[in-house]
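Trainee: Supplied in structure tokens, the structure appears directly below.
Each reported figure results from applying straightforward, stated rules to the coordinates on display, with no laboratory input. On a predicted model such as this, the values are computed, not experimentally measured, just so you know. Neighbour counts are summed over all protein chains in view; Cβ atoms, including those assigned to glycine, are modelled from backbone coordinates with ideal geometry.
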Amino acid sequence: MHISITKGLKKIKGSTMEGQKIVINGTTYYVKEGVLYSDIGERAVALSKGFGAGWSTWENVDALDAEFNILFLQEKFDEAKELAETKGFYTGGIEDITVVFIDKDTKFIIREYDGSESIEYKDAKAWL
């Protein structure tokens, strides 16, 4: 796994790198207002795919939090767990969290069933 962060990072709100480019596995990301974006403007959203406890639906955790999403993309789950513990968050199943990318203008909510989270888009057409 190739991970690099541009030199001269500015730290805002702890370790959030506001406005700086971050390269993970050859893909460039940037942080704006505490949210991680892909180089094409999609927002990173953390989802718990395992059953048990949801990541953002069971705790007061922001699924858009750049600090966590960078660690998840880097597969640094031990560091993410330590950070979550310092904030008082439940960390069971943290290694099952995946990051998906959603267009910055797309409205969505995160639904949870028995800890497994999924995205529901606003104005999605009815299911058949």
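Trainee: What is the sum of charges, Lys and Arg at +1 and Asp and Glu at -1, for the other residues whose Cβ falls under 11 Å from the Cβ of G54?
Mentor: For residues surrounding G54, the net value is -3.
Trainee: Under 15 Å Cα to Cα from K122, which aspartates and glutamates show up? Leave out anything in the same chain fewer than 8 places away.
Mentor: Those aspartates and glutamates meeting the cut-off are D103, D105.
Trainee: What distance in nm separates the simple spin-label points at E82 and D105, each placed 7 Å from Cα in the Cβ direction?
Mentor: According to this spin-label approximation, the distance is 4.2 nm.
Trainee: Just order 80-88, 94-102 by mean Cβ neighbour count inside 10 Å, highest at the front, would you?
Mentor: Ranked from most to least packed, the peptides come out as 94-102, 80-88.
Trainee: Arranged by the count of other C-beta atoms within 10 angstrom, fewest first, what order do S48, S118 take?
Mentor: Lowest to highest Cβ neighbour count: S118, S48.
Trainee: Rank by packing, highest mean first: peptides 60-67, 20-27, with packing defined as the count of other Cβ atoms within 10 Å averaged across residues.
Mentor: 60-67, 20-27
Trainee: Mind listing the phi-derived Karplus ³J(HN,Hα) values for region 32-39, rounded to whole Hz, using 6.51, -1.76 and 1.60 with θ = phi - 60°, and x for any glycine or proline?
Mentor: Taking θ as phi minus 60°, the curve returns 9, 6, x, 10, 8, 10, 6, 5 Hz for region 32-39.
Trainee: Search the structure for amide H atoms under 5 Å from the amide H of K32, placed 1.01 Å from N in the peptide plane, and list their residues when 5 or more places away or on another chain.
Mentor: Here G19, Y37 satisfy the definition.
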